[in-house]
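**Q** Here it is, the structure, as structure tokens.
The values are calculated or read from the model by the stated rules, or taken from the named source; none is laboratory data. The shown structure was predicted, so the numbers you read here are calculated from the model rather than taken from an experiment. Using ideal geometry, Cβ is built from the backbone for each residue, glycine included, and neighbour counts are taken over all protein chains shown. Just the protein is used for accessible areas: all its heavy atoms, side chains included, with ligands, DNA and RNA removed. Shrake-Rupley method; radii C 1.70, N 1.55, O 1.52, S 1.80 Å.
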Amino acid sequence: MAQSDSGNCCAKLNKDECCQKTKDVVLSGVSPKMFPDKIYKSVQPKGEDATGMTCECGVFGAIACGDYPTQLDIAQMICLGLVALQHRGQESAGIVTSLGKSSKNFSVHKGMGMINNLFNDEAIRKLKGNLGIGHTRYSTAAASEVVNCQPFVVHTAHGALAIAHNGELVNCESLRREVLERGVGLSTHSDSELIAQSLCCAPEDVSEHDGPNWPARIRHFMTLAPLSYSLVVMHKDKIYAVRDSYGNRPLCLGKIVPVDAGHANINDQLAEGWVVSSESCGFLSIGARYVREVEPGEIIELSRNGYRTVDIVERPDYKRMAFCIFEYVYFARSDSMFEGQMVYSARLQCGRQLARESPLDADLVSSVPESGTAAAHGYARESGLPFGEVLCKNRYVGRTFIQPSTRLRQLGVAKKFGALAQNVEGKRIVLVDDSIVRGNTIGPIIKLLRDAGATEVHIRIASPPLQYPCYMGINIPTREELIANKLNADQLADHVGADSLAYLSVEGLVKAVQMNKAHVNPLKAGYCTACLTGEYPGGLPEELSW
């Protein structure tokens, strides 16, 4: 079910309850699960067949250049951008648009479900605007409910403010206390609402006689919250694109060009508008071209006149950049660009490095489709072994699959895959996958291949063993659920019925993702490997009291 609203999308509180400095006014609904029995913000797997990690969220923003009203269909562009980011979250979505003329009213449509189900022609027509932001969500902190759908909209003394967030605040407990101590009520336990409320108050050392200084407010928030977030913030006729100073979550900038622009140099092409997105994978489908990544700590202002960097918040000198390395391994779409290289090429290098570290004499290299395919191609090229498909994926099996009978459980039915028997029979197979989380999927696949006639099945994993939870926007199971904390590689091979099993090393993974990336200053490079090593860039989070 979707909810649609135009104009006032928040209910006003008593002004005495709001921030006394700006007399900002807040608006939101109340969640019936506002105080869950949780020590930390971890979300249980959705559905009984949940087997691995789930990504966090995707954010998208678009603004037209030149005179308004624009000829660009901004709402449709945002919708298509969110479709391209659907792999980052499938629980809920929302779009907020602005005509850019009034600071009081936004058009809003959001709800639970997939993009194509939420945004029909009627919904898109109501989202009139010359700029807008959108969000697609997988919950990692707050419950999967309509009240937590983004973008969040709050009404302030300076007009409506909309915000969409990808990531998770490591120090959300101290920020929550600070907001509550100002007399501001919070109606959800979402980090995104917390960010919105934090932006409502101007820092004490900032003068705002001529109106709100949003860059200064954003900077102040960034000094309070070091990570993890990529944000798109909209107020009246501007969008701010923000990335935390560690660069933990991705965010990139694109240029909307004329339809007949072709492949001319991006600098020579006329800008019809600008877009900002968690990933670049959807740019071509809306007539946009990839420009660059938003730098760690950078605040970019987008307006009808173009874009400009308004501030950069530096991290401490002794801290390195901490881009989530699992964006390369698993989360991002393979046609997205990070650090000047396509994700597909990094995954290919992971497979090559895996072949160097764990070579095998076999007849065929294959993959668990589709996430392991690029790495499998890399393994095959480096080893000189032929690549061939051995599994056919059933794309119509959802999370609500009926539990199999005792006989089917004994067969180890692989409900998402079928075996290509003619490619398998009599073969020694190297099967490459991107990761193993709980370890309850690979066993049925191995049995399926053996039943189809495979003589040997060797498992190669194009990432190191997952051993630690993530506190920065990725729903990784607890340490007790992670199979790598219970069994080493040889034990796991016996457990799942493989002839052998080997992981890529942490050093090998870092080497692989750096192989083809654009040259950068070493002081501005670095990856978060916390889920692999337990070394968290911002330290462990505070225990929550709510």
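**Q** If I filter region 70-89 down to residues being in contact with a helix residue (DSSP H, G or I) (Cβ under 9 Å, 6 or more places away or on another chain) and polar (S, T, N, Q), which single residue comes out as modelled with the highest pLDDT?
**A** Here the answer is 76.
**Q** If you go through region 301-310 one residue at a time, do you hit one that is farther than 28 Å from residue 131 by Cβ, touching a Lys or Arg at 6+ places or on another chain (Cβ under 9 Å) and open to solvent by less than 40 Å² (accessible area, probe 1.4 Å)? I'd like the intermediate steps shown before the answer.
**A** Pass one, region 301-310, residues farther than 28 Å from residue 131 by Cβ: none.
No, the conditions are met nowhere in region 301-310.
**Q** Give region 326-344 a look and list any residue that's assigned by the TED database to the domain that holds residue 367, part of a helix (DSSP H, G or I) and open to solvent by less than 30 Å² (accessible area, probe 1.4 Å), or say none.
**A** Matches in region 326-344: 343 only.
**Q** Do you know which residues across region 276-317 are within 27 Å of residue 99 (Cβ to Cβ), among the hydroxyl-bearing types (Ser, Thr, Tyr) and touching a strand residue (DSSP E or B) at 6+ places or on another chain (Cβ under 8 Å)?
**A** Correct list: 277, 278, 303, 307, 309.
**Q** If you check residue 346 against the conditions, is it more than 30 Å from residue 254 (Cα to Cα) and touching a Phe, Trp or Tyr at 6+ places or on another chain (Cβ under 6 Å)?
**A** no
**Q** Something else about it: Please enumerate the residues belonging to region 73-104 that are open to solvent by 30 Å² or more (accessible area, probe 1.4 Å) and part of a loop (DSSP other than H, G, I, E, B).
**A** So in region 73-104, the residues open to solvent by 30 Å² or more (accessible area, probe 1.4 Å) come out as 73, 76, 80, 83, 87, 90, 99, 101-104.
73, 90, 99, 101, 102, 103, 104 - these are the residues of region 73-104 that are open to solvent by 30 Å² or more (accessible area, probe 1.4 Å) and part of a loop (DSSP other than H, G, I, E, B).
**Q** For region 455-485, how many residues are modelled with pLDDT under 95, open to solvent by 30 Å² or more (accessible area, probe 1.4 Å) and of a type outside the set (S, T, N, Q)?
**A** Qualifying residue count for the region: 5.
**Q** Does residue 111 qualify as being touching a Leu at 6+ places or on another chain (Cβ under 7 Å), assigned to a strand (DSSP E or B) and at pLDDT below 95?
**A** Working: touching a Leu at 6+ places or on another chain (Cβ under 7 Å): yes; assigned to a strand (DSSP E or B): yes; at pLDDT below 95: yes.
Yes, satisfied.
**Q** Just need a number here: residues in region 127-157 that are part of a helix (DSSP H, G or I) and either open to solvent by less than 10 Å² (accessible area, probe 1.4 Å) or at pLDDT 95 or above (or both). Explain how you work it out, then say what you get.
**A** Taking region 127-157 as the starting set, the residues that turn out to be part of a helix (DSSP H, G or I) are 146-148.
Filter once more, so that each one left must be either open to solvent by less than 10 Å² (accessible area, probe 1.4 Å) or at pLDDT 95 or above (or both): 148.
Within region 127-157, residues that are part of a helix (DSSP H, G or I) and either open to solvent by less than 10 Å² (accessible area, probe 1.4 Å) or at pLDDT 95 or above (or both) number 1.
**Q** Among all residue pairs at least 6 apart or on different chains, which show Cβ distances below 6 Å where the first residue, located in region 336-347, is aromatic (Phe, Trp, Tyr) and the second is not in a helix (DSSP H, G or I)?
**A** 344/334
**Q** Looking at 380, 374, 322, can you tell me which residue is closer than 14 Å to residue 512 by Cβ and in contact with a helix residue (DSSP H, G or I) (Cβ under 9 Å, 6 or more places away or on another chain)?
**A** Details: 380 fails: closer than 14 Å to residue 512 by Cβ; 322 fails: closer than 14 Å to residue 512 by Cβ.
Result: 374 is the single residue among 380, 374, 322 that is closer than 14 Å to residue 512 by Cβ and in contact with a helix residue (DSSP H, G or I) (Cβ under 9 Å, 6 or more places away or on another chain).
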